[in-house]
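Written below as structure tokens is the structure these notes are about.
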Amino acid sequence: MAAATILLLLLAATVASAADLSVYHNVHPPSPSPLESIIALARADDARLLFLSSKAASPGVTSAPIASGQTPPSYVVRAGLGTPVQQLLLALDTSADATWAHCAPCDTCPAGSRFIPASSSSYASLPCASEWCPLFEGQPCPTNQDASSAALPTCAFSKPFADASFQASLGSDTLRLGRDAIANYAFGCVGAVTGPTTNLPKQGLLGLGRGPMSLLSQTGSRYNGVFSYCLPSYRSYYFSGSLRLGAAGQPRNVRYTPLLSNPHRPSLYYVNVTGLSVGRAWVKAPAGSFAFDPSSGAGTVIDSGTVITRWTAPVYAALREEFRRQVAAPSGYTSLGAFDTCFNTDEVAAGGAPAVTVHMDGGVDLTLPMENTLIHSSATPLACLAMAEAPQNVNAVVNVLANLQQQNIRVVVDAAASRVGFAREPCN
């Protein structure tokens, strides 16, 4: 066999070793118009932003909240749990560590498929003395009970999620992602929900954060802290993107920027943004507007759950001013939902909207595709700048680069090397 053929086979085998899962939209567009759909979906961002901007309860606390404020989850992946395998659609969440699933029996969980622990031969309840229990902020063992006792109660915990809360028990089982089977994976088994279930993931959540409970931490050398995702556009509801686990098969044309560590929120993927530009003009944001400060939570987070990118007030004001200056819409600008820079496209020359570029450490210049920057109405000649100011009811020092701006971009997380990279890719 020719050496070139052998090399091709080896390369194919290497790529095939990566777990590659399809990423699906989880919410049907509320409207046939992309603009109206995004406005509707973005109404849930406030709860998500509150979760991302919340700080640890005290300087000594280093664990992030276990449940995110994602409402509703925008993207899901198909996973398997148990032996024999039970199929579930798990919400994709890069800012949460813990994986959890709605389990049977549960009378108050959302309608839909539930994981049945009793039907899995590989399921095991984890006791309160388990090393996982404090990480999930579970209830401690009774003080009068021997920690080595076989009769220890199961680790139980309860957590808020959006406008509800859930009660869960800690267990472990085989998690299947693509062709990979991950034995003894620790996760929360939800047995009860208090409050409305509208905004809860219907079947569960896959935690892709940086903390000790996350998929990356629990899989160790299997994926070596590397994964990537490519999100399909909201305009392509019936198409899927992908979640790729491990270094194999990742694109080579990736530009990386260092990840920053916040000890109070260790799960979040912080990056150092050095500035923004609109077209060829730099945005004149006040000095220090993008500065990273772990004590206050200030900085920029890459997040898969927030719908539209939010900038702090001084950054967004400067961005909006430069964008409006270059578009120069004759009739001015109107507000619609979260957007305040909407204009009549009939009055602006074709190609008149400038590109927005996010500049980061390491020489990364992420120029957003036009469909990630400007959203058009299909019913009227109207388009809006697809970004907004951070709401005033949250810790408004955090910038969030959200999933609308990440669509059709391969985002590569290399937690082991403490870096995140970007490469243009048609994900649909």
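The values are calculated or read from the model by the stated rules, or taken from the named source; none is laboratory data. Being a predicted model, the structure only gives us computed values, none of them experimental. Virtual Cβ from ideal backbone geometry, glycine too; neighbours counted across all protein chains shown. When the accessible area is computed, the model is the full protein with side chains, heavy atoms only, and any ligands, DNA or RNA have been set aside. Shrake-Rupley method; radii C 1.70, N 1.55, O 1.52, S 1.80 Å.
A few notes on this one:
- Summed over segment 226-251, the residues that are open to solvent by 10 Å² or more (accessible area, probe 1.4 Å) and part of a loop (DSSP other than H, G, I, E, B) give a count of 12.
- Subset of segment 383-405 (residues that are open to solvent by 40 Å² or more (accessible area, probe 1.4 Å) and not in a loop (DSSP other than H, G, I, E, B)): GLU389
- PHE339 vs. criteria in contact with a Leu (Cβ under 7 Å, 6 or more places away or on another chain) and either open to solvent by 10 Å² or more (accessible area, probe 1.4 Å) or more than 20 Å from LYS284 (Cα to Cα) (or both): yes
- Some residue of segment 245-263 being under 22 Å from LEU90 (Cβ atoms), among the charged types (D, E, K, R) and in contact with a Leu (Cβ under 9 Å, 6 or more places away or on another chain): no
- Of all residues in segment 205-219, none are among the charged types (D, E, K, R), touching a Gly at 6+ places or on another chain (Cβ under 6 Å) and not in a strand (DSSP E or B).
- Scope segment 142-177; condition at pLDDT 90 or above and more than 16 Å from GLN86 (Cβ to Cβ); matching residues: PRO153, THR154, CYS155, ALA156, PHE157, SER158, PHE166, GLN167, ALA168, SER169, LEU170
- Checking each residue of segment 258-276 against the condition of being among the β-branched types (Val, Ile, Thr), more than 29 Å from ASN26 (Cβ to Cβ) and assigned to a helix (DSSP H, G or I) gives no match.
- Candidate set: segment 159-201, residues that are in contact with a His (Cβ under 9 Å, 6 or more places away or on another chain) and farther than 28 Å from GLY220 by Cα; chosen: the one most open to solvent (accessible area, probe 1.4 Å): GLY191
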